[in-house]
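Contents: one structure, followed by commentary.
The values are calculated or read from the model by the stated rules, or taken from the named source; none is laboratory data. Small disclaimer: the values here were computed from a predicted structure and weren't measured. Positions of Cβ are backbone-derived with ideal geometry, glycine not excepted, and every protein chain shown enters the neighbour counts. Surface accessibility is based on the protein's heavy atoms, side chains included, excluding ligands, DNA and RNA. Shrake-Rupley method; radii C 1.70, N 1.55, O 1.52, S 1.80 Å.
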Amino acid sequence: MIIYPLGYAIFISMQRTNLISEWKFVGARYYAELLTDAEFLNSLKISLTFAFFVVVGNFVVGLLLAVILNQNLKFATTFKIILMLPWLLPEVVVALIWKWLFNPTYGLINYILNTVGLIDSDVSWFDSSTSALVGVIFVATWKGYPIVMIMMLAGMKNIPSERYEAAAIDGATRIQQFRHITLPGLRPIFLVTCILETAWWFKHFTVIWLMTSGGPAGATKVVSISIYQQAFGDFNFGKAAAESVIILTILLAASYFYSRAIRNDND
């Protein structure tokens, strides 16, 4: 179930093939081409930028909300359910909702900004390379923060309350307790969540494809879109498979370093 698909992908990456009648062995040719291909390297850079800011955004928003929900508030369960809604919505629905909200003609965002006087005319958010990338990062963060929030909240519940009581007796402020008890207690969960979040968002496709299709002018063309276009636009399945294997290698390397960090933490 795991070895065969991986092995088949590596096999295809060394073939010039249409997956039906043409099978010609090309060795490592596609890998050599990709490692010097400016367009592919740029898509890797965009993927890294996108994943970095989404993961950071998810951690900032998720941790902040977890801290608030951990304060034994009234109706905390209700707030938790409401805050979980973005994660429960399918990615296709999320992308279409936000695409409508960002619409330059009838979108709600332009209407609100016009109403409060922050803009004078309608803004085409996805016509600018910067605002398009910021827009998809924002939407991905909105979609992804709930799972981080829940994991952080679960980690906080497992920190013994006696530690906080002892710190309070010693005169530690709430900020000092957060820094010296909460954050160290969350470190294992933080590292595991980092692995999962980085792998998930680095190879993300759905939201970006539905909102911008990689545009404008390739500004949001992450590596997953590049693979899709190679395979189903150019029908170059061998090169698409080679791109996939390179991504797999990058993610395995990242997972290795994260795992070492976890082991060192446990030691």
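When Tyr164, Tyr256, Tyr106 are compared by accessible surface with a 1.4 Å probe, the order from highest to lowest is Tyr106, Tyr256, Tyr164.
Each peptide in 79-87, 12-20, 133-141 receives the mean, over its residues, of other Cβ atoms within 10 Å, and ordering these scores from highest gives 133-141, 12-20, 79-87.
For the residues Phe52, Phe40, Phe190, a 1.4 Å probe over the protein chains yields an accessible-area ranking, largest first, of Phe52, Phe190, Phe40. In this rough spin-label picture, where each label sits 7 Å from Cα along the Cβ direction, the Phe178-Lys157 distance is 2.1 nm. A probe of 1.4 angstrom, applied to the heavy atoms of all protein chains, finds Asp170 with accessible area near 130 square angstrom. Relative to the longest principal axis of the Cα atoms of the chain, the long axis of helix 76-88 makes an angle of roughly 10 degrees.
Efficiency by 1/(1 + (r/R0)^6): what FRET value for Leu48 and Ala168, r their Cβ-Cβ distance, R0 = 51 Å, to the nearest 0.05? Intermediate results must be reported in sequence, preceding the final value.
Details: r = 42 Å, r/R0 = 0.83.
That gives a FRET efficiency of 0.75.
Computed over protein heavy atoms with a 1.4 Å probe, the accessible surface of segment 1-104 works out to 64 Å² per residue. For the set Lys99/Lys239; Lys24/Lys203; Lys80/Lys203; Lys99/Lys203, the pairs lying more than 24 angstrom apart at their alpha carbons are Lys99/Lys239; Lys24/Lys203; Lys80/Lys203.
For the peptides 157-163, 126-132, 147-153, residues were scored by their other Cβ atoms within 10 Å and the scores averaged per peptide; the highest-first order is 147-153, 126-132, 157-163. Treating r as the C-beta distance of Ala261 and Ile68 and R0 as 22 Å, the FRET efficiency rounds to 0.20. Taking Gly144, Gly185, Gly238 in turn, the Gaussian network model of the chain (Cα-Cα springs below 10 Å) assigns the largest fluctuation to Gly185. With both labels modelled 7 Å from their Cα along Cα-to-Cβ, the Ala253 to Leu6 distance reads 1.7 nm. Per residue, segment 182-267 exposes 47 Å² of accessible surface when a 1.4 Å probe is rolled over the protein heavy atoms with every protein chain present. Shape analysis of segment 170-267 places it in the oblate category; the axes a ≥ b ≥ c from the Cα gyration tensor give an a/c of at least 1.5, with a/b not above b/c.
Note on the chain: with neighbouring protein chains present and a 1.4 Å probe, carbon and sulfur make up 68 percent of its accessible heavy-atom surface. The gain in end-to-end length when the Glu91 to Ser213 segment is fully stretched comes to 42.5 nm, 0.36 nm per residue minus the alpha carbon separation.
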